[in-house]
Structure formats: structure tokens, C-alpha cells
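Colleague: Handing you this structure, nothing more for now.
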Amino acid sequence: LREGGIKTIHFVCPSIWAWRGERVHKIARSADHVLCLFPFEPEILHQAGVAATYVGHPLADAIPLQPPRAESRAALGLAEGDTVVALLPGSRRSEIDYIAPPMLHAAQLMRQARPELKFILPVAPGLRELLQR
């Protein structure tokens, strides 16, 4: 688009600050401006010569900072006194392939040592079958 003279704005900055710093140069070539979800991202982009503005997350005001604990536990079938362990292997296929097996094995060992533990494992859409293997 830019080669055709069309100005571009990229919404949601790739996680250059977490994984691949070299991506900032690709962003500089493909976008005239980046709208950022996190307040620290514009500075990183500015250092690479990329125009950027912090706009925040569009759902930030729609989701309570403190979810209703009793409602959340009830929705998950958890009693107030239950000790809960969240298993969070990631949402990408590669993360699940590498992280889920040892994580599930560790959960089995924990369950053997402490049978009262309750485990929850949120699953991204389309990945349930992958985890059930």
C-alpha cells in the first residue's frame, strides 16, 4: 500500500518488546503510524523512527479490573475454599505443542501429592482438540 502512496496505520503493535526486536524495522517499512495498546510501546517505536501513539486497549473499560470472585468461581464449578491452579500453556499451536505436555505432567504429579487441588485450563477457540490429544 505504501508503495502506491497510500498512508497506512497499524493498529496493535506486534510484541517487538517481548520477542523479536528486529520486527520494528519491518513495521517502519510497512506502516506510517502505529496505534499501541501499551503505554511503553510508542517510545520503543519512536527510537526506531516509527510514528506511534498510545491509544489503550478497546476492551479496557468493558472488563472489570476485579471480576466478581463468587460469580467466577460458581461459573467454573469451584467452591469458595477450593485451591485452584490455572494451567496456562499459551494460545499458539507451537506453545501448546511444547509447553502443555510437561505442564500437564506436572499437574498430574501435583494432583497425586494434593488430591484436593482444582485445575483450570482456559482454551483458545480451535485449540481444544490439540490439548485433548
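Please treat every number below as a calculation from the coordinates, not as lab data. Computed from a predicted model, the values in this text were never measured in an experiment. Cβ coordinates were reconstructed from backbone atoms using ideal geometry, including for glycine residues, and neighbour counts include every protein chain displayed.
Colleague: Please list 3J(HN,Hα) in residue order for segment 83-96, calculated via the Karplus relation 6.51 cos²θ - 1.76 cosθ + 1.60 where θ = phi - 60°; whole Hz, with x for glycine and proline.
Modeller: 8, 10, 10, 8, 9, 10, x, x, 10, 9, 3, 5, 5, 5
Colleague: Taking each pair of different alpha-carbon atoms in segment 2-54 once, compute 1/r for the pair, average those values, and report the inverse of that mean as the Kirkwood hydrodynamic radius in Å to one decimal. Present the calculation step by step, with values, prior to reporting the outcome.
Modeller: Working: mean 1/r = 0.0916 Å⁻¹.
For segment 2-54, the Kirkwood estimate is 10.9 Å.
Colleague: Also, quick follow-up: Find, among the trypsin sites (Lys or Arg not before Pro) in segment 1-79, those assigned to loop by DSSP (not H, G, I, E, B) with at most 14 other beta-carbon atoms within 10 angstrom.
Modeller: K7, R20
Colleague: While we're looking at this one, here's another question. Stretch A51-A75 to full length: gain in nm at 0.36 nm per residue minus the Cα-Cα span? Present the calculation step by step, with values, prior to reporting the outcome.
Modeller: On the way: separation 24, 0.36 × 24 = 8.64 nm, distance 4.33 nm.
That pair, A51 and A75, stretches by 4.3 nm at full extension.
Colleague: I would also like to ask the following. When only Cα pairs under 8 Å and 6 or more residues apart are kept, what is the percent relative contact order across the chain?
Modeller: 16
Colleague: Can you match volume of the Cα convex hull per residue in Å³ to one of these, (1) 118; (2) 168; (3) 151, based on a calculation from the structure here?
Modeller: Here the calculated entry is (2).
Colleague: Something else now. Suppose the chain between F11 and L130 were pulled fully straight at 0.36 nm per residue; how much longer would it get relative to their current alpha carbon spacing?
Modeller: 39.9 nm
Colleague: Still on this structure, please answer the following. Which residues in segment 63-93 have a backbone N closer than 18 Å to a point placed 7 Å from the Cα of A113 along the Cα-to-Cβ line?
Modeller: Label zone hits: 83-88.
Colleague: Right, something else. Where does segment 49-112 land on Rg/Rh, using Cα atoms and the Kirkwood Rh?
Modeller: Answer for segment 49-112: 1.14.
Colleague: For the chain, what is the calculated [θ] at 222 nm in deg cm²/dmol (nearest 500), taking -39500 (n - 2.57) for each run of four or more DSSP H residues and dividing by its residue count? Spell out each step's value before the answer.
Modeller: Details: 5 runs with 48 residues, N = 133.
Here the helix-only value at 222 nm equals -10500 deg cm²/dmol.
Colleague: May I pose another question? Under a point-charge model restricted to the Cβ atoms of Lys and Arg (+1) and Asp and Glu (-1), what is the dipole moment magnitude of the chain relative to its Cα centre, in debye to the nearest 20?
Modeller: 360
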